[in-house]
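The values are calculated or read from the model by the stated rules, or taken from the named source; none is laboratory data. Since the structure is predicted, the reported quantities are computational estimates derived from the model, not experimental observations. Heads up, the Cβs are rebuilt from the backbone with ideal geometry, glycines too, and the neighbour counts pull from every protein chain shown. These accessible areas exclude ligands, DNA and RNA; they are computed on the full protein's heavy atoms, side chains included. Shrake-Rupley method; radii C 1.70, N 1.55, O 1.52, S 1.80 Å.
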Amino acid sequence: AIEIRKPAGISGEKEWVATEYGNNKVFQVPAGDYVVVVKLNIAEAEVPVKIASGKEVPVTVNLNAGFVAVKSDAAARIEIYSSAVGIDGKRKWLGTEYGTVLNYAANAGTYHVVAISSEDAVIAEKDVVVEAGKRAEVSLP
């Protein structure tokens with residue numbers, strides 16, 4: 001997804017303006033300051049942009065992402081979390097794929113993946129490091 005948002009105000013929120021899906025999209029917005037946000041699976045990046053009246057402004061966004069690929073033949077679902085444990089003792093949930101395979105674009109960094117059985121029991125879990133432009137493959141039981 002490609003989103004256009006206004007820069008964060010006092011509240012810290014970036015007001016949504018428009019969303020398109022796919023590559024090479026053209027947005028028509030009034031002159032002003034904006035933030036272009038690009039999302040693919042759990043990878044996300046943003047770039048500030050200034051639009052002048054009547055001008056087309058090409059924007060390139062580097063997700064600094066790779067892919068995390070997890071396979072677990074015994075899993076009913078595979079979940080992916082942030083690697084860091086929060087003050088509440090929990091990791092931030094990022095996504096779930098039902099079945100034996102998870103294949104997500106992810107920003108460079110460390111993630112925690114968990115294979116879960118059909119009885120909701122944890123089969124296995126592991127940290128995985130994703131590097132930009134590379135595929136990190138993990139096999140769990």
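Fully extending the segment from residue 127 to residue 62, taken as 0.36 nm per residue of separation minus the present Cα-Cα distance, adds 21.0 nm.
What you get for the chain, charging only the Cβ of Lys and Arg (+1) and of Asp and Glu (-1), is a dipole of about 380 debye around the Cα centre. Computed over protein heavy atoms with a 1.4 Å probe, the carbon and sulfur contribution to the accessible area of the stretch 3-49 reaches 50%. Its residues counted as N, the stretch 22-96 yields a C-alpha radius of gyration over 2.2 N^0.38 Å of 1.60. Modelled this way, with points 7 Å down the Cα-to-C-beta line, the labels at residue 92 and residue 137 are 3.0 nm from one another. Within the stretch 39-141, all pairs of alpha-carbon atoms sorted by distance into 5 Å bins from zero give the percentages 3, 12, 21, 19, 15, 10, 6, 5, 4, 3, 1, 0. Shown in residue order for the stretch 14-31 are the 3J(HN,Hα) couplings computed by the Karplus curve 6.51 cos²θ - 1.76 cosθ + 1.60 at θ = phi - 60°: 9, 5, 5, 10, 7, 9, 9, 10, x, 9, 6, 8, 10, 10, 10, 10, x, 4 Hz (x for Gly and Pro). Name the residue farthest towards the positive end of the dipole of the stretch 36-141 from the options 57, 41, 86, assuming +1 on Cβ of Lys and Arg, -1 on Cβ of Asp and Glu, about the Cα centre. In the stretch 36-141, that residue is 57.
For the cross-link pairs 92/126; 14/39; 39/90; 90/134; 50/134, the ones whose C-alpha atoms lie over 22 Å apart are 39/90; 90/134; 50/134.
The distance separating the Cα centre of the stretch 1-69 from that of the stretch 85-101 comes to 26 Å. Residues of the stretch 15-33 with an amide N closer than 17 Å to a point placed 7 Å from the Cα of residue 55 along the Cα-to-Cβ direction: 27-33.
Across the chain, the mean sequence separation of Cα contacts (distance under 8 Å, 6 or more residues apart), normalised by length, yields a relative contact order of 21 percent.
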